[in-house]
Amino acid sequence: MSPSRVDEPVISSGIRFSLERILSNEDVNDIKPKIISCSPPNQTRYEKTKYIVNLHLWRHLLAQNHLYVRNRGKPWCTVPKELQVITNAICQFYQAPSCTRLPCHMIYSSSDTLTNVDCASNGQITTNEKKDFQCKRGYSLDLFNIDERNQSYPSIIADPFTPISNDFYVKVLHNRYRSCNSMWGIQFNLESLSYYPWSGDRQKTKLFDVTSGYDRSVYDFVPPPWLMNYIDGIDQTSKRLSLKHVMTNKKPIHSSSNTDDYWINQQTNSNQSSYVKAPILWINSNCQTISKRTQYVQQMMKFIDIDNFGICGTNIRPLPQHIIDLEGSKTRTEQDRNSYNWEAGKLALSSDYLFTIAIENSLTHDYVTEKLWQPLLVGSVPIYLGAPNIEDWLPCRTDCIIDLRKFKTPQDAALFIKNVAKNRTLYESYHQWRNEEIPDKLKKMLKYFSSMRNYSLECVLCEMSKRVDEGQSAKETKKKIMEIVGKI
């Protein structure tokens, strides 16, 4: 499971719940799921095919602009009586309009709605034709029917971006549609728990057999993080940018308001054409964040030049033409980011600057995103504020970031950065790590993440369900898989 997010979460109205709604949810202490036990295996016959319902898909399927637009011209069906309880619960959960009629593919499963999940033993993804287990992943409501095909209820992967409510998850799903071999999982990665706290609430996640997420202190498994998208150019000294390459990449700084002599202007022809007007690059598209990064950078701007190519704050500059051409974004807007190569543009910009602002949207344990890794990859020093345990993640044994926690005010940080920008030797010290091996702690983490690329939440749930059918313990099966994967 590799990272695929393209931007940070923005809490908005509509299908995504607002943070205020959390306060009105029933207290988790009121959750009293019924006890579900299995009959002896020789008294119960289970189907050979296991089904996994991915609830995350329903949030997109029921979004009003998706439900009608994407299903225009497709057949619609009346929800049968035996499925109305689960249908009404899901529609109410996602604040959808009346769901007495839905597109037929949302009610009845078929080869078009089901995907094979082929697994090797111990929760691993199969890499060849040989498979030890097979489950099918889908979303259609008839998977909740008990009949000759389905002799037990499906396993579930929860939607981590909507609150784990008592009414939906306990009163309906658990108490009415869960068998002893229905394994429940939740995976939360690439976004911050600060915006979706229920996904890391230990009391609420007791409902789930398997948890997976970025915070090592919360979840059973930790899927590969953002770092793995950039790992070759950070982990392997032979593939990193050399110090010489980094230094020669930098463009002269043509500041219109600051006469300070930055080292780059002393080393190159300062009359050389350059779009760079500041030592610091800032690109930000999520302006209202828990970390209040927009406000922090705005304060820094009073004391040091910052080139702002994002959409937040003041003094916003248009993108240089060569970056627009590289991205292919001439006729596109911020809302169209999936349709052009915004990452290539960001990396190219960052490589030209001495420093790049790298403030996360929240200051959460283990939450380290591309904001750190992209500047490190292309040779810009990150000005970082984010995970309180960032030391665990850094590829350097000395300094390779400007750690904003060390400064009392944005002004103090700005003055320090200005001094580093004036002194070539001091600036080079932040790239010394490029000639060194990464710390042992990070090596161990990378070994774990490399191993986790062979596993999936679906395969873990699939195997656990199969083992329960054989009379084995789901907990012992998970414990065995975790021992094989290793500790992080």
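The values are calculated or read from the model by the stated rules, or taken from the named source; none is laboratory data. Only a predicted model underlies this, so the values are computations on that prediction, with no experimental measurement involved. Cβ coordinates were reconstructed from backbone atoms using ideal geometry, including for glycine residues, and neighbour counts include every protein chain displayed.
Across region 424-450, which residue is surrounded by the most Cβ atoms within 10 Å (Cβ to Cβ) among those that are more than 15 Å from Gly233 (Cα to Cα) and among the aliphatic types (A, V, I, L, M)? Per the criteria, the residue is Met445. None of Arg137, Arg101 is in contact (Cβ under 8 Å) with a residue 60 or more places away in the chain and not hydrophobic (A, V, I, L, M, F, W, C) except Arg137. Assessment of region 298-314 against the conditions (polar (S, T, N, Q) and part of a helix (DSSP H, G or I)) yields at least one matching residue. Checking Asp261 against (1) assigned to a loop (DSSP other than H, G, I, E, B); (2) not assigned by TED's automatic domain parsing to the domain that holds Ser429; (3) not hydroxyl-bearing (Ser, Thr, Tyr), which single condition isn't satisfied? The one condition Asp261 does not meet is (2).
Residues in region 451-483 that are surrounded by fewer than 13 Cβ atoms within 10 Å (Cβ to Cβ) and either under 25 Å from the mean Cα position of the chain (by Cα) or of a type in the set (D, E, K, R) (or both): Glu470, Lys475, Glu476, Lys479, Glu483.
Exactly one residue out of Thr294, Thr364 is within 20 Å of Pro225 (Cβ to Cβ) and out of contact with any helix residue (DSSP H, G or I) (no Cβ under 7 Å at 6 or more places or on another chain): that is Thr364. Residues of region 400-423 that are surrounded by 15 or more Cβ atoms within 10 Å (Cβ to Cβ) and either farther than 23 Å from Tyr296 by Cβ or within 28 Å of the chain's Cα centre (by Cα) (or both): Cys400, Ile401, Ile402, Asp403, Leu404. The numbered conditions (1) surrounded by 14 or more Cβ atoms within 10 Å (Cβ to Cβ); (2) free of Cβ contacts under 8 Å to residues at least 12 places away in the same chain are all true for Met106 except (2).
If you check Arg332, Arg337 for being of a type outside the set (Ser, Thr, Tyr), touching a residue at least 40 places away in the same chain (Cβ under 8 Å) and more than 20 Å from Ile231 (Cα to Cα), only one passes: Arg337. Of Ser350, Ser329, all but one fail to be small (Gly, Ala, Ser), under 20 Å from His254 (Cα atoms) and surrounded by 16 or more Cβ atoms within 10 Å (Cβ to Cβ); the exception is Ser350.
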